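The values are calculated or read from the model by the stated rules, or taken from the named source; none is laboratory data. What you are looking at is a predicted structure, and each value in this text was computed from that prediction instead of being measured. Glycine also receives a Cβ, built like all others from the backbone with ideal geometry; neighbour counts cover every protein chain displayed.
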Amino acid sequence: MTSIFVFVSGAAVLIYSADKLVGYLVGAASRLLIPVFLLAVIFTGIEFDDVALGVALNLDDLKGVALGLVFGTAVSFSGIVLALAIIIKPTKITLPRDYLAIFAVAPLLMIVITLTSPIGIPQSVILLALFVLFLVYIAVREHQRSAPTFQSPEVYEHVAAGATDTDPSESGPDGGIGTKVRQLPYAQQRGLSGWANIGLAVLALVGIIIGAQTTSMGTEGILHDYHLDGTVFGATIATIVLTGEDIVLTVQPFRNRVPLIGIGNVIGSLVFSVTAKLGIIVLAGGSIVAGAGVLEWHLPALIVMTAVAAWVLSTGDLRRWHGWLLLALYIVYWVISFTVFGTVPIED
């Protein structure tokens with residue numbers, strides 16, 4: 001029973017902290033006039049817990065597992081995280097075309113990287129530089145736009161006038177202005193100073209990391225205490241838990257009428273996974289050789305899955321069947337990975 005308690009406690013901390021983080025990002029964006037999409041990419045896209053796990057695996061000479069961590073989570077951002085968010089809360093959005101292009105093209109970088117295997121220090125430095133370039137590009141483009149992503153003048157006029165907003169079904173090009181007046185999401189956080197929200201967002205991020213690690217400990221305990229098959233458990237409960245942080249950070253914004261924070265998490269996490277995450281893992285733990293299965297199956301699957309997700313986002317009208325399509329593609333990916341290649345694409 002102790003392992004179940006640890007598991008549930010960690011999940012509760014994870015969900016609570018993720019919800020708070022989303023609110024503080026909205027508050028910081030509204031008070032500091034910083035594009036919330038940029039904050040979402042920085043605070044939710046950089047996955048500190050995944051990096052720590054990947055480095056540990058690489059240092060323990062589990063290099064194949066560490067590389068699998070990169071590909072497994074990258075595929076899950078579209079096939080599980082975005083899919084569930086759309087299924088739970090279909091919505092309308094307008095995302096800049098250049099962001100969609102970056103999202104769709106990012107996995108193609110892995111073709112060059114894996115073909116030059118083993119992946120060593122030179123490739124790692126290039127990958128880290130590319131992620132920094134991505135952040136700089138997002139920052140510059142957001143501040144250059146007359147109406148940065150989810151930062152239109154109308155939204156801030158409403159904030160200053162007393163916190164009213166519209167129903168998402170009536171949303172405009174930035175996801176916010178329509179005809180039905182409602183309370184702005186996260187009104188309390190919007191009342192705090194911008195830097196107070198930034199500080200609280202950092203604390204919420206720490207809570208997310210603690211919750212994720214605690215949940216993982218509970219998972220290990222359940223496997224040991226109840227003698228469950230690791231593959232079966234990992235393919236069901238553990239898969240959801242190990243992607244739980246990203247699921248919450250994407251679903252909660254969708255549910256609270258700020259979907260672009262969730263989309264920022266998906267895009268930022270995907271770009272981070274195929275660039276800086278792999279780069280840090282290699283720099284800290286040594287070079288990694290990409291096996292034949294990566295080039296023959298996992299990389300093509302990642303490219304196709306991301307391309308489909310980019311097409312879904314480009315429609316601007318995220319419908320429930322889009323989510324079911326992405327989830328079905330992920331299930332096919334999992335089944336083929338397990339039956340043909342003998343590996344389950346999750347953080348085992």
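Look through the range 183-200, keep the residues that are closer than 9 Å to residue 23 by Cβ and modelled with pLDDT of 80 or more, and return whichever of them is surrounded by the most Cβ atoms within 10 Å (Cβ to Cβ).
Within the range 183-200, the match that is surrounded by the most Cβ atoms within 10 Å (Cβ to Cβ) is 197.
Would you say residue 122 is surrounded by fewer than 23 Cβ atoms within 10 Å (Cβ to Cβ) and touching a strand residue (DSSP E or B) at 6+ places or on another chain (Cβ under 8 Å)?
no
For the range 73-131, name all the residues that are among the charged types (D, E, K, R) and within 14 Å of residue 275 (Cβ to Cβ). Working first, answer last.
So the first thing to find is which residues in the range 73-131 are among the charged types (D, E, K, R), and the list is 89, 92, 97-98.
Listed by number, the list is empty, since nothing qualifies.
Tell me which residues, restricted to the range 64-86, are modelled with pLDDT under 65 and either assigned to a loop (DSSP other than H, G, I, E, B) or crowded, with 23+ Cβ neighbours inside 10 Å (or both).
66 - this is the single residue of the range 64-86 that is modelled with pLDDT under 65 and either assigned to a loop (DSSP other than H, G, I, E, B) or crowded, with 23+ Cβ neighbours inside 10 Å (or both).
Of the residues 270, 203, which single one is modelled with pLDDT of 85 or more, part of a helix (DSSP H, G or I), over 15 Å from the mean Cα position of the chain (by Cα) and aliphatic (A, V, I, L, M)? Explain how you work it out, then say what you get.
Details: 270 fails: over 15 Å from the mean Cα position of the chain (by Cα).
After applying the criteria, what remains is 203.
So that you can scan it fast, the table gives a plain yes or no per residue for (1) closer than 28 Å to residue 251 by Cβ; (2) at pLDDT below 85:
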{"site": "88", "(1), (2)": "yes, no"}
{"site": "121", "(1), (2)": "no, no"}
{"site": "132", "(1), (2)": "no, no"}
{"site": "151", "(1), (2)": "yes, yes"}
{"site": "162", "(1), (2)": "no, yes"}
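Taking the range 88-111 on its own, how many of its residues are of a type in the set (Val, Ile, Thr) and within 16 Å of residue 306 (Cβ to Cβ)?
Quick first cut of the range 88-111, residues of a type in the set (Val, Ile, Thr) only: 88, 91, 93-94, 102, 105, 111.
Retained after the next criterion (residues that are within 16 Å of residue 306 (Cβ to Cβ)): 102, 105, 111.
Result for the range 88-111: 3.
Provide a single number: the residues in the range 302-348 that are assigned to a helix (DSSP H, G or I), polar (S, T, N, Q) and modelled with pLDDT under 80.
Here the count works out to 2.
Under the condition of being among the β-branched types (Val, Ile, Thr) and modelled with pLDDT under 75, which residue from the range 10-33 is surrounded by the most Cβ atoms within 10 Å (Cβ to Cβ)? If you could, list the steps in order and put the result at the bottom.
Step one: list which residues in the range 10-33 are among the β-branched types (Val, Ile, Thr), which gives 13, 15, 22, 26.
Now narrow it down to the ones that are modelled with pLDDT under 75: 15, 22, 26.
Details: 15: 18, 22: 31, 26: 27.
Going through the qualifying residues, I end up with 22.
Scan the range 127-144 residue by residue and report those that are in contact (Cβ under 8 Å) with a residue 24 or more places away in the chain and more than 27 Å from residue 116 (Cα to Cα).
Scanning the range 127-144 gives 138, 139, 141, 142, 143.
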